[in-house]
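The structure appears right after this line, and notes come after that.
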Amino acid sequence: MSKLKDKVTVITGGNSGIGFGIAEAFNNEGAVGTITGRNGTTLKNAVETLGNNFIGVRGDVTNLDDLEDMYKTTVDKFGKIDVLVVNAGGVVDGVPLMTITDVTEEGFDQYMNLNFKSAYFTVKQSLPYLNDGASIILIGSNAAYRAAPGATIYAAAKAAVISLARGLSLDLLSRRIRVNTISPGSIDTPVFGKMVPAEAVAQVKQVYIDLTPLGRQGTPAEIGKTAVFLASDDSSFIVGADILADGGMTNAF
Ligand code: NDP
């Protein structure tokens, strides 16, 4: 029996990496819905790979009008929304993760906008469209729990996302909407190519592998399976939780 049969889902950043892994896992469990992103080409390819069970809606999650469009288009097409995955985020285009001496006010705002403010408003704008009894899953990061040298704004923004989810989980229980987070450790996605030059990617990945007791990076498919659990009735008593999916990194010393 498919765990998400006919559930209508919205996955922000569903055209790449973890978001696409979640979309594939949802698709395998019978879900339909919308994936979003700004890049029309990767969005189109992702929709085709998902067998056209999902539609792609282009938009920027830092723009409230784009968020509105994403939800309205989904409800016009599918009639409802049962599951929201707030995944878009990570590295701001063209702005590397920064140590405090290099941070500008503009860079600070861009990281907080993409990784925290957008998460808040992605949830807020969804509320008129979301079914009672829906599941909201936000993607945090294990960087929220560990020292993250050179990435402190990102890490603090992700800690704020986890805190936000805890609070919202109670605020929204009157509508039986469950809110939870997944905090991945190092997952093999295109984000590494956005963090460092191509020739340094393998070396940076190895640093994270060495920090991970399981001795490897996680896969988007593994985060996808975790998201299926939180989206489905299998997690019906789980409210305001954060699931660390990090191969043991956070607890290693
Ligand atoms: P990717 O770079 O592969 O994916 C990022 C996704 O976010 C893309 O689909 C991108 O689409 C979308 N996105 C980025 N900025 C915007 C924006 N302004 N508006 C709309 N969409 C946007 O990275 P990951 O898959 O690795 O990251 C996904 C999430 O997982 C992020 O929140 C990240 O912080 C988190 N994470 C990742 C970890 C890892 O090791 N990979 C570890 C812990 C957390 P497009 O460019 O088309 O807009």
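The values are calculated or read from the model by the stated rules, or taken from the named source; none is laboratory data. What you see is a predicted model, and the numbers here were worked out from it, not measured in a lab. Reconstructed Cβ throughout: ideal geometry from the backbone, glycine too, with neighbour counts over all protein chains shown.
Summary table below
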item	result
Residue check for Tyr154: of a type in the set (Ser, Thr, Tyr), under 21 Å from Ile11 (Cα atoms) and modelled with pLDDT of 95 or more	yes
Index of the failed condition, Phe26 passing every other in (1) within 8 Å of the ligand (Cβ to nearest atom); (2) touching a residue at least 60 places away in the same chain (Cβ under 8 Å)	(1)
In region 67-94, the residues that are of a type in the set (S, T, N, Q) and farther than 21 Å from Ile223 by Cβ	Thr73, Thr74
Among the candidates Gly59, Gly37, Gly19, residue that is closer than 18 Å to Ile81 by Cβ, surrounded by fewer than 22 Cβ atoms within 10 Å (Cβ to Cβ) and near the ligand (Cβ under 10 Å from one of its atoms)	Gly59
In region 22-34, residue surrounded by the fewest Cβ atoms within 10 Å (Cβ to Cβ) [restricted to those that are more than 18 Å from the chain's Cα centre (by Cα) and in a loop (DSSP other than H, G, I, E, B)]	Gly30
Filter result for Asp102 (over 24 Å from Thr250 (Cβ atoms), away from the ligand (no atom under 15 Å from the Cβ), acidic (Asp, Glu) and modelled with pLDDT under 95)	yes
Residue check for Thr189: in a loop (DSSP other than H, G, I, E, B), within 24 Å of Gly14 (Cα to Cα), within 12 Å of the ligand (Cβ to nearest atom) and at pLDDT 95 or above	yes
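Residue by residue, here is whether (1) among the aliphatic types (A, V, I, L, M); (2) under 22 Å from Ala23 (Cβ atoms); (3) within 15 Å of the chain's Cα centre (by Cα) holds:
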{"position": "Pro184", "(1), (2), (3)": "no, yes, yes"}
{"position": "Pro197", "(1), (2), (3)": "no, no, no"}
{"position": "Gln206", "(1), (2), (3)": "no, no, no"}
{"position": "Glu222", "(1), (2), (3)": "no, yes, yes"}
{"position": "Ile243", "(1), (2), (3)": "yes, yes, yes"}
{"position": "Phe253", "(1), (2), (3)": "no, no, no"}
